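Taking it in order: structure first as structure tokens, then the write-up.
The values are calculated or read from the model by the stated rules, or taken from the named source; none is laboratory data. Note that the structure is predicted; figures quoted are calculated from it, not measured. Neighbour counts run over all protein chains shown; Cβ positions are idealised from the backbone, glycine included. Quick note on the areas: whole protein, heavy atoms, side chains included, nothing else; ligands and nucleic acids left out. Shrake-Rupley method; radii C 1.70, N 1.55, O 1.52, S 1.80 Å.
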Amino acid sequence: MAPTYDIEHLLLAQPSTRTVAGIDEVGRGAWAGPVTVCAVVTDLSEPPSGLTDSKQLTAARRGSLAEELGSWAAGIGFGEATHDEIDALGMTEALSRAARRALAALPVRPDAVILDGKHDYIGAPWPVRLEIKGDAASVSVAAASVLAKVRRDAYMATIGCVDYGFADNAGYPSPVHQEALARLGPTPHHRLSWSYLDDLPQWRHLKLHRDPLAFEGQASLFG
């Protein structure tokens with residue numbers, strides 16, 4: 001089924017809510033590159049035809065949809081957290097920072113947020129509505145999922161690392177990526193705190209460990 005505005009209308013029925021943003025992320029499970037978050041505000045108009053969860057679309061269709069969404073959406077904001085931030089802060093805090101950057105980049109501050117998934121990584125003061133498979137249910141979240149995916153994929157295709165296949169796998173652990181890692185070791189774009197390094201004896205010494213007692217945003221890295 002195509003995403004609808006049912007969740008947006010439910011939130012907008014609250015007297016204090018005039019603007020709702022849909023949020024989705026991409027890159028959480030990658031071994032290299034940033035995590036990218038997109039926030040989208042719409043005017044509740046009919047979305048571009050074929051809009052749905054980005055994972056259900058081909059790369060070509062995502063690209064064409066992203067062009068349409070750019071002129072259709074009332075507001076679009078992007079936020080990234082780098083691989084270094086992910087290593088230093090952990091994924092939850094990195095996602096939180098990326099999401100807040102995306103929200104801050106919107107032309108208007110939303111009164112409520114629809115967040116894809118079951119974990120609120122944004123937190124106060126944002127009123128967050130969690131929606132499992134929100135990218136398939138909500139128009140604004142579906143739009144965010146497409147835009148985030150297209151933006152991050154395009155970035156990963158520009159950073160080189162041809163042997164690792166980033167232009168095709170976007171930093172996720174494809175066979176090409178894993179073979180290059182075993183042979184050549186991690187690039188400057190890899191997340192060095194991740195467990196994949198435990199399986200690479202030749203490169204295991206490069207792994208970074210976050211101090212579990214460090215305060216939020218005050219991670220200590222040690223080998």
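Residues in the range 145-158 carry Karplus couplings, in order, of 5, 5, 5, 5, 5, 5, 5, 5, 4, 5, 5, 5, 6, 9 Hz; the curve used is 6.51 cos²θ - 1.76 cosθ + 1.60 with θ = phi - 60°, and Gly or Pro positions show x. Take THR92: with every protein chain present and a 1.4 Å probe, its accessible area is about 100 Å². Diffusion of the range 1-133 by Stokes-Einstein, at 25 °C in a medium of 0.890 mPa s and with Rh set to the Kirkwood radius over alpha-carbon pairs, works out to 159 µm²/s. For LYS207, the aspartates and glutamates whose Cα falls under 16 Å of its own Cα, not counting residues fewer than eight places away in the same chain, are ASP84, GLU85, ASP87, ASP198, ASP199. Charge tally around THR82: other residues with Cβ under 13 Å, Lys/Arg +1 each, Asp/Glu -1 each, net -1.
Once the Cα-Cα distance is subtracted from the 0.36 nm per residue extended length, the THR158 to ASP43 segment shows a gain of 38.1 nm.
Put simply, the amide H of GLY75, placed in the peptide plane, has neighbours under 5 Å in VAL41, leaving out anything fewer than 5 places away on its chain.
Looking at the square roots a ≥ b ≥ c of the eigenvalues of the Cα gyration tensor of the chain, which shape do they give, rounded for a/c under 1.5, prolate if a/b is larger than b/c, or oblate? Oblate, since a/c reaches 1.5 and b/c is not below a/b. Close amide-amide hydrogen proximity is noted between LYS133 and GLY117, each under 5 Å apart and 5 or more residues distant or on a separate chain (H modeled in the peptide plane; Pro and chain starts excluded). When the Gaussian network model of the chain links Cα atoms closer than 10 Å, the mean-square fluctuations of VAL146, VAL176, VAL40 top out at VAL176. For ASP153, the shell of other residues with beta-carbons less than 11 Å away shows a net charge of +3, using +1 for Lys and Arg and -1 for Asp and Glu.
Note on LYS133: lysines with a C-alpha under 19 Å away, same-chain residues under 8 apart excluded, are LYS55, LYS118, LYS149. The charge dipole of the range 1-97, taken about its Cα centre with unit charges on the Cβ atoms of Lys, Arg (+1), Asp and Glu (-1) only, comes to about 140 debye. For the range 2-57 versus the range 153-177, the spacing of their alpha-carbon centroids is 26 Å. About its Cα centre, the range 57-97 has a charge dipole of approximately 260 debye under the convention of +1 per Lys or Arg Cβ and -1 per Asp or Glu Cβ, with nothing else charged.
Just checking the listed ones, ALA32, ALA66, ALA124: in the Gaussian network model of the chain with Cα springs under 10 Å, the one fluctuating most is ALA124. Per-residue ellipticity at 222 nm for the chain, helices alone: DSSP H runs ≥ 4 residues times -39500 (n - 2.57), over residue total, nearest 500 deg cm²/dmol? Result for the chain, helices only: -10500 deg cm²/dmol.
Amide hydrogen proximity for ALA112: with H placed 1.01 Å from N in the peptide plane, the residues at 5 or more positions away or on another chain lying under 5 Å are THR19, ALA21.
In the chain the longest region clear of trypsin sites (Lys or Arg not before Pro) that are loop-assigned by DSSP and have at most 12 other C-beta atoms within 10 Å covers 119-223. Evaluating 6.51 cos²θ - 1.76 cosθ + 1.60 at θ = phi - 60° for every residue in the range 7-14, the Karplus couplings come out as 5, 4, 5, 4, 6, 6, 6, 6 Hz, glycine and proline recorded as x. Indicate, rounded to the nearest 5 percent, the antiparallel portion of the DSSP beta bridges found entirely in the chain. Restricted to the chain, the bridges split so that about 65 percent are antiparallel.
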